[in-house]
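Below: the structure, in structure tokens.
The values are calculated or read from the model by the stated rules, or taken from the named source; none is laboratory data. Worth saying up front: this structure is predicted, and the values here are computed from it rather than measured. Positions of Cβ are backbone-derived with ideal geometry, glycine not excepted, and every protein chain shown enters the neighbour counts. Side chains are part of the model used for accessible areas, which takes the heavy atoms of the whole protein and leaves out ligands, DNA and RNA. Shrake-Rupley method; radii C 1.70, N 1.55, O 1.52, S 1.80 Å.
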Amino acid sequence: MQEYLDQLITLARYAGARWRSRGQDDRLIARYRTTDPKAVFTICGAGGTLNDLSEADLQEIERGTSAAINMAGVAPIAFDIYSIEALSDPHQSASLAAKMTGQTKPAIFWFQNRSKHDSPEIRALTEHFPTHAYIRVSVSVRKRLTSYRHVFRTVMRRRVFETPDLNLNFALTGSVARLVLLACALGYRRIRFVGIDLGTTRYFWQEGVALRGVAPWQDVHGTFNPRPDAKSFQGKGSLVVPTLLDFLRSLKEDAPVALEFSTLDPAGRSQLTTFLRDEF
């Protein structure tokens, strides 16, 4: 019974989000659609394994469609999509703006249109650069993986793979999962992860490597002094349901099409590489 209640709640939230998004233009994000079954969508995090990539690896990312999460965007890679969440540090927004200004490849910011994320730093980006602001659809799971699996099969699956609305995104588990769902909605069936290390490395700029000969980004306010927290990905000691690993496992099993997940991790330092190898 609980699963059916979560289904109804999620459906109601989806209907409300569609009403709020009426009249919204999705052309900026829709230009990344594909019908090529071999096309790869690369999701880039800020993990240290970015420093292990060769120039050939970096060029391969740039030839396809790629999305950077938050400050992964300052890496010297020409991304197509810059996914940003809350920013409260003017140095961060200035760094992202400088990267976007100096990039010759067309790109957009992809931003969750939510009042809690509003800030002068966010507005400095979204008001001056091409931005697609999507509306979140909160998925009701009540910390139950069985509820999530049921809601995915009865609500999300068709709306992600068959009748996607690019102005909406089902919000759960964090930025990585939302970008995976975006990739699926855009038609990609091969999704690759770079710098999504599940807390097994430091942030790439903390390793002091001049990737492509570019000096590492300076976190002048020390916002990222702690190393990435593996708990947020693995659910250890947290109440996040599903975890990222649960999400990928269930998506692989329940999607109506064959999905391929991989990592670009030459040195094998990412725990996500181990998970994908052992799981799939």
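Note on region 109-203: enclosed helices (runs of 4 or more DSSP H) holding 3 or more residues that are surrounded by fewer than 23 Cβ atoms within 10 Å (Cβ to Cβ) and in contact with a Ser or Thr (Cβ under 8 Å, 6 or more places away or on another chain) are 120-126.
If you check Arg33, Arg27, which single one turns out to be under 18 Å from the mean Cα position of the chain (by Cα) and either farther than 27 Å from Phe204 by Cβ or surrounded by fewer than 16 Cβ atoms within 10 Å (Cβ to Cβ) (or both)? Steps first, answer last, please.
Values: Arg27 fails: under 18 Å from the mean Cα position of the chain (by Cα).
Sole residue among the options that is under 18 Å from the mean Cα position of the chain (by Cα) and either farther than 27 Å from Phe204 by Cβ or surrounded by fewer than 16 Cβ atoms within 10 Å (Cβ to Cβ) (or both): Arg33.
Have a look at Ser115, Ser138, Ser93 and point out the one that is without any contact (Cβ under 8 Å) to a residue 40 or more places away in the chain and within 28 Å of Gly16 (Cβ to Cβ). The conditions single out Ser115.
Can you find a residue that is assigned to a helix (DSSP H, G or I), modelled with pLDDT of 95 or more and open to solvent by less than 40 Å² (accessible area, probe 1.4 Å) anywhere in region 215-234? No, region 215-234 has no match at all. Check region 88-99 and report whether any residue there is on the phi < 0 side of the Ramachandran plot, outside any helix (DSSP H, G or I) and either open to solvent by less than 60 Å² (accessible area, probe 1.4 Å) or touching an Asp or Glu at 6+ places or on another chain (Cβ under 9 Å) (or both). Yes, region 88-99 has at least one match.
Table: residues versus (1) without any contact (Cβ under 8 Å) to a residue 24 or more places away in the chain; (2) of a type in the set (Ser, Thr, Tyr); (3) touching a Leu at 6+ places or on another chain (Cβ under 7 Å); (4) open to solvent by less than 30 Å² (accessible area, probe 1.4 Å).
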residue	(1), (2), (3), (4)
Ile43	no, no, yes, yes
Thr49	no, yes, no, yes
Glu62	no, no, no, no
Met71	no, no, no, yes
